[in-house]
1. Kindly check whether there is at least one residue in the range 261-272 that is surrounded by 17 or more Cβ atoms within 10 Å (Cβ to Cβ) and within 30 Å of Ser417 (Cβ to Cβ).
2. Take Glu87 and decide whether it is open to solvent by 60 Å² or more (accessible area, probe 1.4 Å), among the charged types (D, E, K, R), under 24 Å from Arg234 (Cβ atoms) and within 16 Å of the ligand (Cβ to nearest atom).
3. Which residue pairs have Cβ atoms under 7 Å apart, sit 6 or more places apart or on different chains, and have a first residue in the range 231-251 that is assigned by TED's automatic domain parsing to the domain that holds Ser279 and open to solvent by 60 Å² or more (accessible area, probe 1.4 Å) and a second that is within 16 Å of the ligand (Cβ to nearest atom) and not acidic (Asp, Glu)?
4. For the range 315-330, which residues satisfy the criterion of being within 13 Å of Val222 (Cα to Cα) and either open to solvent by less than 60 Å² (accessible area, probe 1.4 Å) or in contact (Cβ under 8 Å) with a residue 24 or more places away in the chain (or both)?
5. Of all residues being open to solvent by less than 70 Å² (accessible area, probe 1.4 Å) and more than 16 Å from the ligand (Cβ to nearest atom) in the range 174-194, which is farthest from the chain's Cα centre (by Cα)? Just the residue, please.
6. Pairs please, first residue from the range 185-213 and free of Cβ contacts under 8 Å to residues at least 60 places away in the same chain, second anywhere and among the aromatic types (Phe, Trp, Tyr), Cβ atoms under 9 Å, 6+ apart in sequence or on different chains.
7. Being in contact with a Phe, Trp or Tyr (Cβ under 8 Å, 6 or more places away or on another chain), part of a loop (DSSP other than H, G, I, E, B) and β-branched (Val, Ile, Thr), is that true of even one residue in the range 332-343?
8. Please go through the range 47-85 and give me each residue that is farther than 26 Å from Gln293 by Cβ, out of contact with any helix residue (DSSP H, G or I) (no Cβ under 7 Å at 6 or more places or on another chain) and not small (Gly, Ala, Ser), ordered by number.
Amino acid sequence: MLKKVLIANRGEIALRIIRACKDLGISTVAIHSTADTNSMHVRMADESICIGPPKAGDSYLSIPNIIAACEVTGADAVHPGYGFLSENPKFAQILSDHKITYIGPSAHHIKLMGDKITAKKTMEDLGVPCVPGSNGIINNLSEANNVAAKIGYPLIVKASAGGGGRGMKLVLNNSDLEGAFKSAKIEAEAAFGNDDVYIEKYLLEPKHIEIQIIGDGKGNAVHLAERDCSIQRRHQKILEEAPSTVLSSDERDEIGKICVNAISRLKYSGVGTIEFLYSNKEFYFIEMNTRIQVEHPITEQIFGFDLIKEQIKISSNNVLSIKQEDLNIKGHAIECRINAEKVPEFTASPGKINTYHAPGGLGIRIDSAIYAGYVVPPYYDSLICKIIIHGETRQEAIKRLERALSELIIDGISTTSEIFSLIIKNKKFLDGSYNISWLENLLDNQGK
Ligand code: ADP
């Protein structure tokens, strides 16, 4: 078993990993920028080390600084969390070259899935259904026109290196294709240093449904059902629930088996998420995330299973601790992401939190790194708190969520908490029939 894990991250996910390590009896090292000296993850870890100035590029994204921190503290493993270096194959490789365990899949698998074109081709070859589109990179306008003629409009031009909801251009008709193709390439180069783009059919009002998988690297794998992440704003997830209200258990088993088969054949190691759009009862693969996701707690709640502990254990011994037949869904879970942002504009709202009261009681879990007196720095992601609800039924989970929202107090800065009251009152949310465009339309209609 690993002895000392360095957490190459900050905020709630750093805390989440520290807690899993403590449960396993593993020592922890927090790294932090000078802006995060007073952060909760620094206080909760057994040791901490400053790795640079506030700018992420000079601290949380600085591979040499993180390797040096491992050497100084004697950490034998690194957990990357999500974001930052969590899907950077170079980071995984350099750690392995330094004989430090990377808690995640191999650099090879991170690279394979990090390039969306290669990921799609790989998944297609493994029998996973994909969104119809180009057979790889689109090099020029005439290729784009050929694909468009084949799949029709609307279509979407996507950056192969894209992520975080960025690098996508919706094209409604042929007159917009040239402009979208050119600007997608320019933006992809600027944002990701890679201007490869591809084309996909733009699915109208699908759901975003993703499957949680775990592999042991030797060909054994399980799935932990789905999360419905269709409640989005600007392609960013806002609220997620598990299981989805629209899948039958046969559909769940079928897509689960397809994913398990793909992961086994790839000999994938660790946790991962296979993301699909779901429309007219069909699944269409869009991408795979080779890391733990923000919304992983809802899966943990319905299975009573610690995904981070499993990640750590697999990295040390390549053995899956569970079998598919032992994984049974119990109840329903919902997660709300609370961001330090001002609504209706959704502009960043960093600053000092004067009062903080976290909701509590049965079925309520809070994953957060804030406290009264904490100053939310302006340099990083604005997610400050996740409210995770579990209930015997979806109805009970929604009732508990309503209670949790009424108990939550974060004073001093603006947060997105108020939009959840709006969401959970709405008929489309209550009957589960929402899709990826629903929240955007709801906010537009509210004048928000
Ligand atoms: P990222 O890696 O940036 O998150 P994804 O490929 O996962 O990008 O897509 C993010 C979101 O964008 C999806 O959840 C969905 O809302 C929307 N999207 C992506 N591809 C399509 C498509 N082909 N048709 C309709 N919506 C899409």
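The values are calculated or read from the model by the stated rules, or taken from the named source; none is laboratory data. Computed from a predicted structure; not experimentally measured. FYI the Cβ positions are ideal-geometry reconstructions off the backbone, even for glycines, and counts take in every protein chain you see. Note: accessible area is taken over every heavy atom of the protein model, side chains too, but ligands, DNA and RNA are not part of it. Shrake-Rupley method; radii C 1.70, N 1.55, O 1.52, S 1.80 Å.
1. Yes: the range 261-272 contains one or more residues that are surrounded by 17 or more Cβ atoms within 10 Å (Cβ to Cβ) and within 30 Å of Ser417 (Cβ to Cβ).
2. Numbers: open to solvent by 60 Å² or more (accessible area, probe 1.4 Å): yes; among the charged types (D, E, K, R): yes; under 24 Å from Arg234 (Cβ atoms): yes; within 16 Å of the ligand (Cβ to nearest atom): yes.
When the stated conditions are applied, Glu87 passes them.
3. From residues that are assigned by TED's automatic domain parsing to the domain that holds Ser279 and open to solvent by 60 Å² or more (accessible area, probe 1.4 Å), the pairs are Arg234/Gly165; His235/Gly165; His235/Met168; Gln236/Gly165.
4. Of the range 315-330, the ones within 13 Å of Val222 (Cα to Cα) are 319-328.
Once the filter is applied, which keeps residues that are within 13 Å of Val222 (Cα to Cα) and either open to solvent by less than 60 Å² (accessible area, probe 1.4 Å) or in contact (Cβ under 8 Å) with a residue 24 or more places away in the chain (or both), the range 315-330 yields Val319, Leu320, Ile322, Lys323, Gln324, Leu327, Asn328.
5. Result: Gly179.
6. Every condition considered, the pairs that remain are Tyr202/Tyr153.
7. Within the range 332-343, not a single residue is in contact with a Phe, Trp or Tyr (Cβ under 8 Å, 6 or more places away or on another chain), part of a loop (DSSP other than H, G, I, E, B) and β-branched (Val, Ile, Thr).
8. Asp58, Pro64, Glu71, Val72, Thr73
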